[in-house]
Amino acid sequence: MYQNLLALFLLLSINLVYGQETRLETILQKGHSKFVTCADFHPSGEFVVTGGYDNAIILWNLKSGKEIRVYNRHTASIWSVDFSMDGNQILSSSADQSIKLFNTRTGDLIHSMPFPKDDIRQAYFSYNGQHIIGLSNRDGLFVFDRISGKLIGNFKKEYGIGQYQYKRYAIQYRI
């Protein structure tokens with residue numbers, strides 16, 4: 001009887017030791033189902049956000065390579081993603097003609113800014129973080145207030161002096 005208990009104990013011990021080493025844990029990482037179109041690094045360097053043709057925005061942990069969160073609020077391809085300077089918000093632009101602002105930690109949608117008339121191509125935070133700048137495929141520049149999400153101004157390129165007007169606006173309002 002003593003020998004049987006000892007043999008059973010040894011078998012269980014061997015199973016525990018070797019069983020843990022050979023056990024595989026499966027974690028489903030979906031990733032993007034179509035091409036990735038844009039990416040941006042978090043200011044801390046620990047994370048990266050990507051957007052793609054699958055309408056998804058995904059936040060990744062760079063050390064582990066694992067998905068942290070998926071933001072599925074756009075209905076068309078993602079053209080650009082941008083972290084705020086403090087890393088607390090993610091800005092995205094999409095072929096659905098909208099700019100969306102997300103809370104990085106919770107994934108909540110803060111603002112959805114429909115883009116007027118022209119197709120949106122890129123959206124960025126201003127240098128001081130107070131504004132959101134959207135660029136259209138027709139050389140238009142749209143400025144939104146980051147807090148309220150309201151359109152502040154619409155600036156169109158005039159072919160003779162378009163670049164000068166953008167620079168003048170940027171200097172005047174320090175964006």
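The values are calculated or read from the model by the stated rules, or taken from the named source; none is laboratory data. Treat the numbers as computed from the prediction; the structure is a model and nothing was measured. Cβ sites come from the backbone with ideal geometry, for glycine too, and all protein chains shown count toward neighbours. These area figures cover heavy atoms from the full protein model, side chains too; ligands, DNA and RNA do not enter into them. Shrake-Rupley method; radii C 1.70, N 1.55, O 1.52, S 1.80 Å.
For the stretch 106-125, the condition of being assigned to a loop (DSSP other than H, G, I, E, B) and touching a residue at least 40 places away in the same chain (Cβ under 8 Å) holds for none of the residues. Would you check if I132 is open to solvent by less than 20 Å² (accessible area, probe 1.4 Å) and either within 21 Å of D54 (Cα to Cα) or touching a Gly at 6+ places or on another chain (Cβ under 9 Å) (or both)? Yes. Scan the stretch 157-174 and tell me whether some residue there is polar (S, T, N, Q), modelled with pLDDT of 80 or more and either on the phi < 0 side of the Ramachandran plot or surrounded by 15 or more Cβ atoms within 10 Å (Cβ to Cβ) (or both). No, that holds for no residue.
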